[in-house]
Every structure is written in structure tokens, then in C-alpha cells.
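To start, the structure under review is shown below, and the notes come after it.
Taken together, the values in this text are just the output of simple stated rules run on the coordinates, not laboratory data. Computed from a predicted structure; not experimentally measured. As a convention, Cβ positions derive from the backbone with ideal geometry for all residues, glycine included, and neighbour counts pool all protein chains shown.
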């Protein structure tokens with residue numbers, strides 16, 4: 001994945017398909033990023049990925065020619081040992097072409113748990129506020145408190161999912177309301193989750 005999208009970034013630079021104005025206004029480190037992918041020729045990407053060079057180049061030409069591009073990716077990218085690097089490689093291509101934050105364009109993470117992304121964005125998680133703001137940051141709490149018109153906001157993170165099921169097993173939590181998922185099938189430490197339930 002990193003080679004595929006790093007090679008795409010190289011292709012975009014080489015074929016003058018960069019939105020230089022967007023890059024200048026909205027990114028930093030682009031020259032260094034371009035330098036890092038300079039070795040990722042279509043031949044090298046084909047060798048690394050096992051996909052034919054012809055198919056690699058076809059994908060690169062399609063991406064270059066298509067102004068409205070959505071790159072959808074899921075847990076195979078997100079949850080690998082190099083997930084951050086993979087996602088950054090995808091996002092870099094969208095940033096380089098200005099295909100982000102516009103109708104029909106952008107990287108699109110399809111998260112695995114029911115509405116996990118929505119939970120993160122609106123403040124539905126125990127360890128962060130809306131828009132990925134930090135619970136322990138008083139300025140962030142103030143922003144969210146004013147926006148939500150909620151004078152009382154937690155000042156420290158609550159329990160994450162795995163910790164929550166441990167707390168059930170320890171008797172610290174007496175009841176759970178679970179909707180739209182089977183935590184025994186989808187959570188790590190499934191035996192502990194099953195015992196908690």
C-alpha cells in the first residue's frame with residue numbers, strides 16, 4: 001500500500017499533476033515527501049506489490065485524469081503494523097492534487113466497528129471530545145462546553161472498550177447497553193468480554 005501510493009505521488013510529480021497552489025497553501029514538507037518517493041518507479045512498485053507494471057500505470061493514469069477521486073480504505077490499511085504510514089501515503093496523494101474537502105474527492109476511511117468514525121467525530125468516545133479534542137485540555141473542554149451548551153463536561157477520560165469490559169469483570173460496572181455489534185465477536189480479549197457478559 002505504501003509503495004503503491006508513494007509511487008502514485010512520484011507519478012503525479014513527474015507528470016506535472018500537482019495542484020501547486022493547494023500544496024503551497026495547505027501542506028508542509030511536500031518537497032521532502034517527493035524526495036522520499038523518488039525511487040518508487042512503476043517498475044519498482046510492480047515488483048513490490050506483485051501487480052503488473054501495466055496495471056500500476058493504468059491506475060496512476062486514471063487517478064491523474066480523474067478530478068473527482070475518492071480513495072476508500074478500511075481495516076486492512078488502518079490496522080496494520082504500518083497503518084499510519086499507509087494512510088499518510090493515501091492522504092498525501094489527495095493533498096498533492098487538492099482532492100480533499102471537495103464534493104466527490106478525498107480519502108475515505110471505512111472503519112470496522114459500527115459507527116466508530118461517527119463516535120470519534122461527535123464526541124461519543126470516553127477518551128476524547130468531539131472533533132478529536134482532548135478531554136484533559138481545559139481549552140478544548142471550554143470550546144466543546146460552549147458549543148454543546150453543556151456546563152459540566154468530564155475533566156478526565158473514561159474507560160475505553162477493553163478497559164470497560166475489564167471493569168465489568170471486576171464489578172465496577174454493573175450494566176452495559178450494547179447496540180449494533182457483538183463485542184464477543186469483534187473485541188480483543190474475547191474470552192474476557194464473554195465472561196463479562
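Quick one: work out Rg over Rh on the C-alpha atoms of segment 10-60, Rh as Kirkwood radius.
Numbers: Rg = 12.6 Å, Rh = 12.1 Å.
Radius of gyration over Kirkwood radius for segment 10-60 works out to 1.05.
Evaluate the Debye formula for the chain with equal point scatterers sitting on the alpha carbons, no solvent, and hand back log10 of I(q)/I(0) at q = 0.08, 0.10, 0.17 Å⁻¹, in q order, two decimals.
These q points yield log10 I(q)/I(0) values of -0.40, -0.60, -1.12.
Per the helix-only calculation at 222 nm, which mean residue ellipticity applies to the chain, given -39500 (n - 2.57) for every DSSP H run of n ≥ 4 and division by its residues, nearest 500 deg cm²/dmol? Mind showing how you got there, number by number?
Values: 12 runs with 105 residues, N = 197.
Per the formula, -15000 deg cm²/dmol.
Give, as ranges by residue number, the residues of segment 117-133 whose backbone N falls under 13 Å from the point 7 Å along Cα→Cβ of residue 179.
Once the point is set 7 Å along Cα→Cβ of residue 179, 119, 124 turn out to lie under 13 Å by backbone N, inside segment 117-133.
Quick one: order 5, 63, 108 by neighbouring beta-carbon count within 10 Å, fewest to most. List each step's numbers first, then the result.
Working: 5 27, 63 19, 108 13.
Fewest-to-most ranking of 5, 63, 108: 108, 63, 5.
Counting only C-alpha contacts under 8 Å and six or more residues apart, can you give the relative contact order of the chain as a whole percent? Before the final figure, lay out the partial values.
On the way: 210 pairs, mean separation 32.2, N = 197.
Relative contact order comes out at 16 percent.
Using the alpha-carbon atoms, what tilt in degrees (0 to 90, nearest 10) does helix 83-97 show relative to the longest principal axis of the chain?
50
Ranked highest first by average number of other Cβ atoms within 10 Å, how do 123-136, 162-175 line up? Kindly include the intermediate steps, with their values, before the conclusion.
Working: 123-136: 15.6, 162-175: 13.7.
Listed from highest to lowest mean packing, they are 123-136, 162-175.
Using only Cα atoms, find the angle between the long axis of helix 2-14 and the longest principal axis of the chain, and express it within 0 to 90 degrees, rounded to the nearest 10.
It is inclined by approximately 40 degrees.
Determine, for each peptide in 76-89, 177-190, the mean count of other beta carbons within 10 angstrom over its residues, then list the peptides with the highest first.
Details: 76-89: 15.3, 177-190: 11.8.
Going by the mean number of other Cβ atoms within 10 Å, highest first, we get 76-89, 177-190.
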